[in-house]
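Undergrad: One structure, as structure tokens, below. Some questions next.
The values are calculated or read from the model by the stated rules, or taken from the named source; none is laboratory data. All values reported here derive from a predicted model rather than from experimental measurement. All Cβ positions, even for glycine, are placed from backbone atoms using ideal geometry, and neighbour counts span all protein chains on display.
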Amino acid sequence: MKNKKERLQLILNLVRKNSIGSQNELAELLKQNGCNVTQATLSRDLKSMKITKVATNDGGYMYIIPDNNRLQDSMLMSGRNSMTAHQQVGFVSIKISGNIAVIKTRNGYAAGLAYDIDMSHSDEVLGTIAGADTVFAILNENLSHEDALRFFSRFMPIEDYHI
């Protein structure tokens with residue numbers, strides 16, 4: 001492999017196309033593609049690309065590439081949102097009880113969704129807690145459920161919930 005940029009692109013391609021459960025598996029795939037890397041280098045590369053490992057439904061793990069990028073993050077922090085609701089394709093359902101919203105996602109999508117909500121720095125949500133497939137969002141006590149659904153529609157397709 002000639003340079004770091006090519007190595008990082010190869011890692012992205014391998015993670016997108018394969019269910020990879022460990023750094024050893026990824027290192028072996030890299031080696032098969034002509035790129036020998038140390039575990040330390042691979043670990044740094046994964047961290048720099050924010051590639052994370054999530055639990056799978058079969059009890060194993062796999063690496064995923066976050067949907068977030070710097071432009072989207074800066075837009076979320078400034079209160080603007082370039083995402084359409086359908087970009088959060090991992091969304092399954094939302095239920096609100098009192099000032100807590102429970103958002104169900106496909107496995108591995110909750111952390112990214114919680115991050116996007118937190119990065120909006122809104123007055124509507126005090127904070128989130130994410131698991132593998134569930135986000136708990138603590139809502140401002142004065143927020144109506146209708147206003148909460150309207151707020152969350154910025155991040156996920158909730159038109160079926162009749163805002």
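Undergrad: Among (1) exposed (fewer than 12 other Cβ atoms within 10 Å of the Cβ); (2) at pLDDT 75 or above, which single condition is T105 missing?
TA: (1)
Undergrad: Would you check which residues across segment 119-145 are assigned to a loop (DSSP other than H, G, I, E, B) and hydrophobic (A, V, I, L, M, F, W, C) and list them?
TA: A132, L143
Undergrad: Of all residues in segment 120-159 being small (G, A, S) and touching a residue at least 40 places away in the same chain (Cβ under 8 Å), which is nearest to I96 (Cα to Cα)?
TA: Within segment 120-159, the match that is nearest to I96 (Cα to Cα) is A148.
Undergrad: Which of the numbered conditions does D58 fail, given that it passes all the others? Conditions: (1) loosely packed, with under 11 Cβ neighbours inside 10 Å; (2) in contact with a helix residue (DSSP H, G or I) (Cβ under 8 Å, 6 or more places away or on another chain).
TA: The failed condition is (2).
Undergrad: Does at least one position in segment 17-27 carry a residue that is assigned to a loop (DSSP other than H, G, I, E, B), exposed (fewer than 13 other Cβ atoms within 10 Å of the Cβ) and at pLDDT 90 or above?
TA: No - not one qualifying residue is present in segment 17-27.
Undergrad: Continuing with this model, one more query. Of everything in segment 24-52, what is touching a residue at least 12 places away in the same chain (Cβ under 8 Å) and closer than 20 Å to A132 by Cα? Give them in sequence order.
TA: Hits for segment 24-52 are L46, M49, K50, I51, T52.
Residues checked against (1) modelled with pLDDT of 95 or more; (2) within 29 Å of P157 (Cα to Cα); (3) basic (K, R); (4) part of a helix (DSSP H, G or I):
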| residue | (1), (2), (3), (4) |
| --- | --- |
| V37 | no, no, no, no |
| R44 | no, no, yes, yes |
| Y63 | no, yes, no, no |
| I94 | no, yes, no, no |
| A111 | no, yes, no, yes |
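Undergrad: Does at least one position in segment 82-91 carry a residue that is among the aromatic types (F, W, Y), modelled with pLDDT of 50 or more and in a strand (DSSP E or B)?
TA: Looking through segment 82-91, at least one residue is among the aromatic types (F, W, Y), modelled with pLDDT of 50 or more and in a strand (DSSP E or B).
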